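Below is one structure, written out as structure tokens, with a few remarks after it.
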Amino acid sequence: MSKRDAKKELAEVEAVFASLAHASRRQVLLVLHFHGGSMTAGEIAARFDCSWPTTTRHLQQLEAAGLVEAESRGRERIYSLNRALLSTVVSGWLAHFSR
């Protein structure tokens, strides 16, 4: 049985919730979810009215939190939703409030 790393878990929760705090990043996650879980950066950016640098910053924040993973294919970056991390962190946090 492995020992829990409370500091690591707390850092993960903080990173996920900091990413979820911004409406645009929540929308990016929803767009990815409803489009099969992965899209190019350009496809994601086309769904929003913000500038390319703003979209890039949102994607970088999501990637840093582990909520999306990026893969380079030629000149494109493909972003994939990390459903497992999102589910684990959010449901784990909500479990504190169940009886």
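Read the figures in this text as sums done on the coordinates, not as results from a lab. Quick caveat: nothing in here was measured; it's all calculated off a predicted structure. Here the Cβ positions follow ideal geometry from the backbone for every residue, glycine too, while neighbour counts run over all protein chains shown.
Data for the structure
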| quantity | calculated |
| --- | --- |
| Top of Thr56, Thr88, Thr40 by mean-square fluctuation, Gaussian network on the chain, Cα under 10 Å | Thr88 |
| Order of His35, His96, His58 under a 10 Å beta carbon neighbour criterion, fewest first | His96, His35, His58 |
| Interchain or long-range residues, amide H under 5 Å from Gly66's placed H | none |
| GluC sites (Glu not before Pro) restricted to DSSP loop in region 8-99 with at most 10 other C-beta within 10 Å | none |
| Label point distance in nm, Ala95-Thr40, each placed 7 Å from Cα along Cα→Cβ | 4.0 nm |
| Likely footprinting exposure, Ile44, Ile78, fewest C-beta neighbours within 10 Å first | Ile78, Ile44 |
